[in-house]
Amino acid sequence: MLLSQTVFLKNINNSESILYELFSKLIYLSLKPYYIYHCDAVTGLESYSCNISNEIEIMRNLRKKLSGLAIPQHISDTEFGKFPIF
């Protein structure tokens, strides 16, 4: 089994339509979308960080359109470990 991990990136993939297409294609290729991360607060990545409420809304909408197998866990990776966002 192959699993996919993705990061929400502002102006790159923080769009419902882009993620719908990505997750659909991954499932078609027998790859499980496993995690989608909120971008880490790391110096130099500020311009890529998305608004977390926008991420939640995107994931909520995708749950209405995609199979449960195609929905990754929305995660925040902290110094204490990985925590689900929604």
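The values are calculated or read from the model by the stated rules, or taken from the named source; none is laboratory data. Every value quoted in this text rests on a predicted model; they were computed, and no experiment measured them. We place every Cβ from the backbone using ideal geometry, glycine too, and count neighbours over all the protein chains shown.
For the stretch 1-85, please list each of the strands (runs of 3 or more DSSP E) lying entirely inside it that holds at least 1 residues being without any contact (Cβ under 8 Å) to a residue 24 or more places away in the chain.
Answer list for the stretch 1-85: 73-78, 81-84.
For the stretch 71-86: of the residues being modelled with pLDDT of 95 or more and aliphatic (A, V, I, L, M), which is surrounded by the fewest Cβ atoms within 10 Å (Cβ to Cβ)?
Filtering first and then ranking leaves I71.
Those residues that are aliphatic (A, V, I, L, M) and touching a Lys or Arg at 6+ places or on another chain (Cβ under 9 Å), I need them from the stretch 51-78; list them, please.
Passing the criteria: L69, A70, I71, I75.
How about the stretch 49-70: which of its residues are among the aliphatic types (A, V, I, L, M), surrounded by fewer than 18 Cβ atoms within 10 Å (Cβ to Cβ) and under 20 Å from K32 (Cβ atoms)?
Once the filter is applied, which keeps residues that are among the aliphatic types (A, V, I, L, M), surrounded by fewer than 18 Cβ atoms within 10 Å (Cβ to Cβ) and under 20 Å from K32 (Cβ atoms), the stretch 49-70 yields L66, L69.
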